[in-house]
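Peer 1: Structure below; questions to follow.
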Amino acid sequence: MTQVKLSGLTKRFDEKSEPAVDRLDIEIESGKLTALLGPSGCGKTTTMKMIAGLLRPTDGDILFDGSSIVGIAPEDRGAVMVFQNYLLFPYMSVADNIGFGLKMRGVSRSEIRTRVRDMLDLVQMPGFEERRPKQLSGGQQQRIALARALIVQPNVLLLDEPLSNLDAHLRDEMRELISGIQTELGITTVFVTHDQEEAVVLADKIALLFEGRLQQFDVPDAFYETPGTVDIAKFFGGTNFIPGRCEDGRITTAIGRFRAPHTAVDRGEAVLSIRPEAVELGGGGGNSVRGRIRSHVYVGRYARFRVMIGEVEIEVITDPGQVKKLSDGDEVSVRFDPDKIWILGPAADGKDGRADSDSARQPAG
Amino acid sequence: MNEKAPANPSRLPSLPRMRLSEKGARRMTIGVLLAPVIVVILLLFMGGLITGFLRSLGYFPLIGLNDFNFDAYLSIFTDNGFIRSFVLTFHIAFTSTVIASILAIASAMLLRPAFRGKRFVQFIFSLNLTIPHLVGAVGVLYLFSGSGLVSRLATGAGLIDAPAEFPALVFDPWAIGIIIQYVWKEIPFIGVIVLAILLSVGEDYESVARSLGANRWQAFRHVTLPLVMPGVVSASVIVFAFTFGAFEIPWLLGATFPKALPVLAFESYTDVDLAARPQAMAMAMVIAFMSSLMILAYMKLSRRYIRS
């Protein structure tokens, strides 16, 4: 399988504006599923189109197994892209759509027919040869688009927002299908998504992009446990950030002093972050402070509390049973488990997140 | 039935009846609203067609012809001049349509990407949509006739010795002048339609094709072309029908023999001999019939092309 390396990859659509993709350095492991994650407009699809050869990089290089492919035409790269809106050729049958890539390579009709049948089996749509794309549901079109890409046995499979146009239950099905096929065929796969949950569930590794810049490239759980910056933590649903100063595994904040052995900064200004589900209510013990419950919501599978500790409001997610024990206005003990506290560098003031993401990436990567 | 219905207003059978009458009312409204158009079409077009058809069968009471017969058709189909006119007319329509379609697709492809001054180029491209055919014909005369600008420039440049040596492009048996005029006029007509389709479809389908292993030409041949083909077909059907039946350009730029069918029909019609009228009408019928037939065949062929 193929290892993909992006080196200083940059794309500028015109001279004056900010680059859409800015000096990306990512090494995508062979045979793994890698997510390009980020909010819309962060350059993830642009990056994918450059890998596919549909856009020319302004600067930097793309290497497949160590050799540059920037000068190679898209049809000769062996990187096939599946578009977000499927783009099945509307005037062709399902079989002709799937067989398209083989026809372009001059494969014989009978071989195309057999391999199309195999592909339809693989995407669990046997017998759909003669249908027209118009007669298919969104999920079925997605499967056919996937089959059309896989039939040419690509070295690199590129999926642009593969789940975003599907409704919830189809999304689960498709997710399983993609990860099943990927594991079975072992194709180096890159997919683009704006949904962090999707990235976490599917990907072996996630590259998080903001405004064309790589923020963090890591395994999924690292984005929850050891995010590089406050922005990264926020993107992954982190809500509790308390500024302070840290020194020798402890952090002093406006609401108290906490033991915190896991840290991205050695000393000086820092931010205490703890995920809402890691905060314990009513337990007491070390690393505890007193707070007052401001409000709560019962969500069924869990309950969400807002707790005031002095002037600082934090969010806590607990098991739903807590709702019976605690009511608004109650004073409660709030415990930050030292193992679950993660100390970040201070939040950046300017828009340019480069300096702090650089410094913060080191402990994460 | 009708008396029973009010007694049981909640019974189901009364519902479909109401829907039917509503549907009828809606059809009536549409019919009434469309009536002016239908009247115009029926009176002017169908009326003319039917009158022409009757006269082509020799029914013309005004000059004392009261019998129906196929004499007019027999006489034109046995006339060698008519056959040659027919072939010429088909040649003009087919060649103009094919050349104009190909060049229109090529220009639309060139005009598709963003470039500096695109608006201006597009304006120039579509400019002659507004210029009448007659002006184009006069232009072709000035440019390509034996004493025209191109001939004189060629003489001046020493490419030919005298204007008389310039190849006949106007009043010529191959109708080159006529075809030049039609191609010039119809390229932007088809081109604007193709360009609109190209811009609305976008380039993503071609990107998919390239990504799947098609080279530039394959992506054009197997993806772009089938996508624009419905538009090309509808536009070129109009062009074909028009060029098959149009009178003024072959009249101005055509050779004296053979003449294009519409010219031949018009000359028979205006002949002092009223007995030539049925023949003129028979020719007009043949033009109408052939145009319709060609269009049908052309559409069928193009559909098959799209499918493959």
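The values are calculated or read from the model by the stated rules, or taken from the named source; none is laboratory data. Everything numeric here is computed off the predicted structure, so don't read it as measured data. Note: ideal-geometry Cβ built from the backbone for every residue, glycine included; neighbour counts use all protein chains shown. Remember, those area values only see protein heavy atoms, side chains included, never the ligands or the DNA or RNA. Shrake-Rupley method; radii C 1.70, N 1.55, O 1.52, S 1.80 Å.
Peer 1: Just name the residue that is nearest to A:G101 (Cα to Cα) out of those in the range B:203-228 that are of a type in the set (A, V, I, L, M) and within 34 Å of the chain's Cα centre (by Cα). If you could, list the steps in order and put the result at the bottom.
Peer 2: Narrowing the range B:203-228 to residues of a type in the set (A, V, I, L, M): B:208-209, B:212, B:214, B:219, B:223, B:225, B:227-228.
Checking the rest, the ones that are also within 34 Å of the chain's Cα centre (by Cα) come to B:209, B:219, B:223, B:225, B:227-228.
Details: B:A209: 8, B:A219: 11, B:V223: 12, B:L225: 17, B:L227: 18, B:V228: 21 Å.
My answer is B:A209.
Peer 1: Continuing with this model, one more query. Give the residue that is surrounded by the fewest Cβ atoms within 10 Å (Cβ to Cβ), with candidates limited to residues of the range A:84-94 that are within 18 Å of B:P226 (Cβ to Cβ) and within 13 Å of chain B (Cβ to nearest Cβ). Reasoning before the result, please.
Peer 2: Quick first cut of the range A:84-94, residues within 18 Å of B:P226 (Cβ to Cβ) only: A:86-94.
From what is left, the residues that are within 13 Å of chain B (Cβ to nearest Cβ) are A:86-93.
Details: A:Y86: 21, A:L87: 22, A:L88: 26, A:F89: 18, A:P90: 13, A:Y91: 17, A:M92: 20, A:S93: 18.
By that ranking, first place goes to A:P90.
Peer 1: When the residues of the range A:23-35 are narrowed to those that are out of contact with any Pro (no Cβ under 9 Å at 6 or more places or on another chain) and surrounded by 21 or more Cβ atoms within 10 Å (Cβ to Cβ), which ends up farthest from A:V192 (Cα to Cα)?
Peer 2: Only one residue fits best here, namely A:L24.
Peer 1: Further question: Would you pick out the residues in the range A:56-81 that are within 20 Å of A:G101 (Cα to Cα) and open to solvent by 40 Å² or more (accessible area, probe 1.4 Å)?
Peer 2: A:I72, A:D76
Peer 1: So, in the range A:304-331, of the ones that are in contact with a Gly (Cβ under 8 Å, 6 or more places away or on another chain) and assigned to a strand (DSSP E or B), which residue ends up farthest from A:T252 (Cα to Cα)?
Peer 2: Here the answer is A:E331.
Peer 1: A:L37 - would you say it is aliphatic (A, V, I, L, M) and within 20 Å of the chain's Cα centre (by Cα)?
Peer 2: Details: aliphatic (A, V, I, L, M): yes; within 20 Å of the chain's Cα centre (by Cα): yes.
For A:L37, the condition - aliphatic (A, V, I, L, M) and within 20 Å of the chain's Cα centre (by Cα) - is met.
Peer 1: Quick one: would you say A:P39 is facing another protein chain (nearest Cβ under 9 Å), at pLDDT below 95 and in a loop (DSSP other than H, G, I, E, B)?
Peer 2: no
Peer 1: Among the candidates B:I41, B:I76, which residue alone is in the same structural domain as B:F266 (by TED's automatic domain parsing) and not basic (K, R)?
Peer 2: Working: B:I41 fails: in the same structural domain as B:F266 (by TED's automatic domain parsing).
After ruling out the rest, the residue left standing is B:I76.
Peer 1: Pairs only if they're at least six apart or on different chains, beta carbon under 6 angstrom, first in the range A:53-73 and more than 14 Å from every other protein chain (Cβ to nearest Cβ), second hydroxyl-bearing (S, T, Y) and part of a loop (DSSP other than H, G, I, E, B); list them, first residue then second.
Peer 2: The qualifying pairs are A:F64/A:T2; A:D65/A:T2.
Peer 1: Take A:V107 and decide whether it is more than 9 Å from chain B (Cβ to nearest Cβ) and either open to solvent by less than 60 Å² (accessible area, probe 1.4 Å) or more than 30 Å from A:R213 (Cβ to Cβ) (or both).
Peer 2: Values: more than 9 Å from chain B (Cβ to nearest Cβ): yes; either open to solvent by less than 60 Å² (accessible area, probe 1.4 Å) or more than 30 Å from A:R213 (Cβ to Cβ) (or both): yes.
Against the criterion (more than 9 Å from chain B (Cβ to nearest Cβ) and either open to solvent by less than 60 Å² (accessible area, probe 1.4 Å) or more than 30 Å from A:R213 (Cβ to Cβ) (or both)), A:V107 qualifies.
Peer 1: From A:D167, A:D172, A:D204, which residue is open to solvent by 10 Å² or more (accessible area, probe 1.4 Å), under 22 Å from A:D221 (Cα atoms) and either in contact with a Cys (Cβ under 8 Å, 6 or more places away or on another chain) or modelled with pLDDT under 90 (or both)? If you could, list the steps in order and put the result at the bottom.
Peer 2: Working: A:D167 fails: under 22 Å from A:D221 (Cα atoms); A:D204 fails: either in contact with a Cys (Cβ under 8 Å, 6 or more places away or on another chain) or modelled with pLDDT under 90 (or both).
A:D172 is the lone residue from the list that is open to solvent by 10 Å² or more (accessible area, probe 1.4 Å), under 22 Å from A:D221 (Cα atoms) and either in contact with a Cys (Cβ under 8 Å, 6 or more places away or on another chain) or modelled with pLDDT under 90 (or both).
Peer 1: Hey, among the residues in the range B:138-151 that are touching a Phe, Trp or Tyr at 6+ places or on another chain (Cβ under 9 Å) and part of a helix (DSSP H, G or I), which one's surrounded by the most Cβ atoms within 10 Å (Cβ to Cβ)?
Peer 2: So, considering only residues that are touching a Phe, Trp or Tyr at 6+ places or on another chain (Cβ under 9 Å) and part of a helix (DSSP H, G or I), the one surrounded by the most Cβ atoms within 10 Å (Cβ to Cβ) is B:V140.
Peer 1: Condition (residue is within 14 Å of chain B (Cβ to nearest Cβ) and under 24 Å from the mean Cα position of the chain (by Cα)) applied to the range A:134-142: is it met by at least one residue? Let's see the steps before the verdict.
Peer 2: The initial filter retains those residues of the range A:134-142 that are within 14 Å of chain B (Cβ to nearest Cβ), namely A:141-142.
Now drop any that are not under 24 Å from the mean Cα position of the chain (by Cα), which leaves A:141-142.
Yes, some residue in the range A:134-142 is within 14 Å of chain B (Cβ to nearest Cβ) and under 24 Å from the mean Cα position of the chain (by Cα).
Peer 1: Give the residue that is nearest to the chain's Cα centre (by Cα), with candidates limited to residues of the range B:50-72 that are open to solvent by 60 Å² or more (accessible area, probe 1.4 Å), touching a residue at least 60 places away in the same chain (Cβ under 8 Å) and closer than 19 Å to B:A288 by Cβ.
Peer 2: B:F53
Peer 1: Let me ask something else about it. Which of the residues belonging to the range A:267-300 are more than 15 Å from A:W342 (Cα to Cα) and touching a Pro at 6+ places or on another chain (Cβ under 7 Å)?
Peer 2: The answer is A:Y298, A:G300.
Peer 1: Could you figure out which of (1) surrounded by fewer than 16 Cβ atoms within 10 Å (Cβ to Cβ); (2) at pLDDT below 90 isn't true of B:V135?
Peer 2: Checking B:V135 against (1) surrounded by fewer than 16 Cβ atoms within 10 Å (Cβ to Cβ); (2) at pLDDT below 90, the one that fails is (2).
Peer 1: Then there is this: Inside the range B:197-249, can you point out the residues that are of a type in the set (D, E) and more than 13 Å from chain A (Cβ to nearest Cβ)?
Peer 2: First pass over the range B:197-249, keeping only residues of a type in the set (D, E): B:203-204, B:206, B:248.
Correct list: B:E248 only.
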